[in-house]
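J.: I'd like to ask you about the structure that follows.
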Amino acid sequence: MNTETLLEPPTQTLDDRAIIHLPFGLLGFEQVKSYILLAAPNEKPFMWMQMMDAPRKSFLIVSPFLVMPEYQLDIPERDVEFLDLTEPTDALVFNICTLRGPGNATINLKAPLVINRYTLICKQVIPDNASQYALNHPLLVT
Amino acid sequence: MLILSRKPGESIIIDGRITVRVMRLEGDVVKLGIDAPRDVPVHRQEVYEEIQRSNKEAVTDSHPPLPQLIVQPPPASPAAKK
């Protein structure tokens, strides 16, 4: 699926405390299947994706389109089926950020989190065009 | 490790539900065709490992104060031009 029509950050809307389900978990965290998304007004556009159960660790996520407006992902057909996406606009996309110290943060553009906005089922997807994006793309932060 | 010999066009079946077929040989590249139920994730190992490492690096116990993201303006779409 080509998600060119996803280039509209305003469509990235979710409740402030939505619970998403990852049947496969995240790579390296396969056993953790449920996360709560925490969006605090003073932290926008970042959100925290926190494990529902112990050890309750978190990932920092943000819309990739705010970082790279021309970001485009070719979601493999298998994943489109798994996530039950019929329209590109059914999907919400976030990528995981790593804070590396003052003024230094990166975003993983190679493995986006794709969420079906209706079912809130999520998968960390490796797009067919992942090789054109960086694992540690620098975030412009102040 | 179990080692099996296969020719192009031949397959192996894992657990009665995953088929791995040798599609063709292109120089030193082997093209594999994998049929697996959709609840079985399939990844290239080196890609899987780098993303796993990245996730482990990103996970955090705390919610530290966040920097301000400098948002990139969206590209001008043809529809928006007058």
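A short reminder: the numbers here are calculations on the coordinates, not readings from a lab. Just so it is clear, the model here is predicted, and its values are computed rather than measured. Glycine also receives a Cβ, built like all others from the backbone with ideal geometry; neighbour counts cover every protein chain displayed.
J.: What pairs from A:Lys33/A:Lys110; A:Lys123/B:Lys56; A:Lys110/B:Lys7; B:Lys31/B:Lys56 go past 23 Å between their alpha carbons?
T.: Values: A:Lys33/A:Lys110 21 Å; A:Lys123/B:Lys56 17 Å; A:Lys110/B:Lys7 34 Å; B:Lys31/B:Lys56 31 Å.
Over 23 Å apart, Cα to Cα: A:Lys110/B:Lys7; B:Lys31/B:Lys56.
J.: Taking R0 as 22 Å, what's the FRET efficiency between B:Tyr48 and A:Leu38 from their Cβ-Cβ distance, rounded to 0.05? Intermediate results must be reported in sequence, preceding the final value.
T.: Values: r = 28 Å, r/R0 = 1.26.
That gives a FRET efficiency of 0.20.
J.: With r as the distance between the Cβ atoms of A:Glu70 and B:Ile18 and R0 = 41 Å, compute the FRET efficiency 1/(1 + (r/R0)^6) and round to 0.05.
T.: Details: r = 37 Å, r/R0 = 0.90.
The pair B:Ile18/A:Glu70 has a calculated efficiency of 0.65.
J.: Let me spell out the model: positive unit charges on the Cβ of Lys and Arg, negative unit charges on the Cβ of Asp and Glu, origin at the Cα centre of the protein assembly as shown. What dipole size does that give, in debye rounded to 20? Don't skip to the end; give the middle numbers.
T.: Values: 22 positive and 27 negative charges, 51 e Å.
It works out to roughly 240 debye.
J.: Helix B:45-58: angle to the longest alpha-carbon principal axis of chain B, degrees 0 to 90, nearest 10?
T.: 30 degrees
J.: Excluding B:Pro64 itself, calculate the net charge of residues whose Cβ lies under 12 Å from the Cβ of B:Pro64, where each Lys or Arg counts +1 and each Asp or Glu counts -1.
T.: On the way: positive: A:Arg100; negative: A:Glu43, B:Asp61.
With Lys, Arg at +1 and Asp, Glu at -1, the net is -1.
J.: How big is region B:1-59 in terms of Cα radius of gyration and Dmax, in angstroms?
T.: So, for region B:1-59, Rg and Dmax equal 14.6, 43 Å respectively.
J.: Something else about it: PRE reach from A:Glu30 (point 7 Å along Cα→Cβ): which of region B:36-61 fall under 15 Å by backbone N?
T.: Taking a point 7 Å out along Cα→Cβ of A:Glu30, the residues of region B:36-61 whose backbone N falls under 15 Å are B:37-53.
J.: Semi-axes, largest first, in whole Å: what does sqrt of 5 times each Cα gyration tensor eigenvalue give for region A:20-142?
T.: On the way: eigenvalues 90, 69, 36 Å².
Value: 21, 19, 13 Å, ordered largest first.
J.: Rounded if a/c is under 1.5, else prolate if a/b beats b/c, else oblate: with a ≥ b ≥ c from the C-alpha gyration tensor eigenvalues square-rooted, which is the protein assembly as shown? Display every interim value, and only then the final one.
T.: Working: a/c = 1.88, a/b = 1.57, b/c = 1.20.
Taking the square roots of the gyration eigenvalues as a ≥ b ≥ c, the protein assembly as shown is prolate.
J.: Over chain B, calculate the relative contact order: mean separation of alpha carbon pairs under 8 Å at least 6 apart, over the residue count, as a percent.
T.: Reported relative contact order: 15 percent.
J.: With just the Cα atoms defining each centre, how far is region A:32-61 from region B:6-80? Give it in Å.
T.: 23 Å
J.: How do A:Thr86, A:Thr106, A:Thr142 rank when sorted from fewest to most other Cβ atoms within 10 Å of their own Cβ? Let's see the in-between values first.
T.: Values: A:Thr86 11, A:Thr106 19, A:Thr142 7.
Lowest to highest Cβ neighbour count: A:Thr142, A:Thr86, A:Thr106.
J.: May I ask you to derive the relative contact order of region A:40-94, considering only C-alpha pairs under 8 Å and at least 6 residues apart, and to give it as an integer percent? Can you show the working numbers first?
T.: Numbers: 34 pairs, mean separation 14.3, N = 55.
Relative contact order of region A:40-94: 26 percent.
J.: If each of A:Arg78 and B:Glu10 carries a label point 7 Å out from its Cα toward its Cβ, how far apart are those two points in nm?
T.: Inter-label distance under the simple model: 2.4 nm.
J.: Separate question: When only C-alpha pairs under 8 Å and at least 6 residues apart count, what is the relative contact order of chain A, in percent? Please list the in-between numbers first.
T.: Values: 286 pairs, mean separation 33.7, N = 142.
It rounds to 24 percent for chain A.
J.: Something else about it: Within a 10 angstrom radius of each residue's Cβ in B:47-54, how many Cβ atoms of other chains show up on average? Whole number is fine.
T.: Working: counts 7, 4, 2, 5, 11, 6, 3, 11.
Rounded to a whole number, the mean comes out at 6.
J.: What FRET efficiency do you get for B:Ala36 and A:Thr86 if R0 is 35 Å and r is their Cβ-Cβ distance, rounded to the nearest 0.05?
T.: 0.95
J.: Something else: Where does each of A:Tyr118, A:Tyr35, B:Tyr48 land when they are ranked from fewest to most other beta-carbon atoms within 10 angstrom? List each step's numbers first, then the result.
T.: On the way: A:Tyr118 10, A:Tyr35 27, B:Tyr48 16.
Placing the least packed residue first, the sequence is A:Tyr118, B:Tyr48, A:Tyr35.
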